[in-house]
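In what follows, a structure is listed as structure tokens, so that the remarks can point back to it.
The values are calculated or read from the model by the stated rules, or taken from the named source; none is laboratory data. As the structure is a computational prediction, the values presented were derived from the model and not from experiment. Neighbour counts run over all protein chains shown; Cβ positions are idealised from the backbone, glycine included.
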Amino acid sequence: MRKLLLALSAIALTAGAVHADPKDDREALMKERGKIVGGLVKMVKGETPFDAAATLAALQTLDANAEKGLNVDALWPAGSNTDETSPKIWEDNAAFKAEAAKFKTVADAAVASPPADLAALQATVGTIGKECSACHEVYRIKK
């Protein structure tokens with residue numbers, strides 16, 4: 001009986017995830033992205049020691065996050081804009097998709113050639129930050 005309840009609970013959770021709100025999904029994606037980059041920034045600032053293995057793991061997680069972000073049509077479907085979401089996303093959706101692809105390219109490159117030392121991590125984080133900023137300048141409403 002307990003196994004049946006656990007199985008039904010798992011199915012219910014999975015079904016709920018399939019029908020999640022796109023706004024919530026994209027906010028969770030971006031919060032995760034910020035947390036990953038924030039961890040790398042702590043290494044850059046010397047708040048945590050440089051660790052090549054942890055850096056690679058973070059970059060791999062960031063790359064997986066970037067892959068999810070390529071699903072623009074699911075995360076930013078027409079009609080899902082809010083006061084916090086720039087209408088430019090829908091006005092020039094092709095350019096927005098190109099920005100998502102650029103971020104994925106930056107993440108791919110970081111994983112393909114992971115930083116071996118702090119100086120290389122600083123350069124990598126700088127490149128990632130520039131791409132984040134480029135997208136935010138156009139597609140994020142400043143609060």
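For the reader, a short list of remarks on this structure follows.
- Within segment 86-113, the residues that satisfy the criterion of being in a helix (DSSP H, G or I), touching a Phe, Trp or Tyr at 6+ places or on another chain (Cβ under 8 Å) and within 15 Å of residue 134 (Cα to Cα) are 88, 89, 96, 99.
- Residue within segment 88-108 that is surrounded by 15 or more Cβ atoms within 10 Å (Cβ to Cβ) and among the polar types (S, T, N, Q) present: no
- Conditions (1) surrounded by 12 or more Cβ atoms within 10 Å (Cβ to Cβ); (2) of a type outside the set (Val, Ile, Thr); (3) in a helix (DSSP H, G or I); (4) modelled with pLDDT of 95 or more; number of the one not met by residue 136: (4)
- Within segment 67-85, tally of residues that are of a type outside the set (Ser, Thr, Tyr), touching a helix residue (DSSP H, G or I) at 6+ places or on another chain (Cβ under 7 Å) and in a loop (DSSP other than H, G, I, E, B): 5
- Residue count, segment 41-62 (criterion: of a type outside the set (Val, Ile, Thr) and in a helix (DSSP H, G or I)): 11
- When the residues of segment 47-64 are filtered to those that are touching a residue at least 40 places away in the same chain (Cβ under 8 Å) and farther than 16 Å from residue 123 by Cβ, the one that is surrounded by the fewest Cβ atoms within 10 Å (Cβ to Cβ) is 60.
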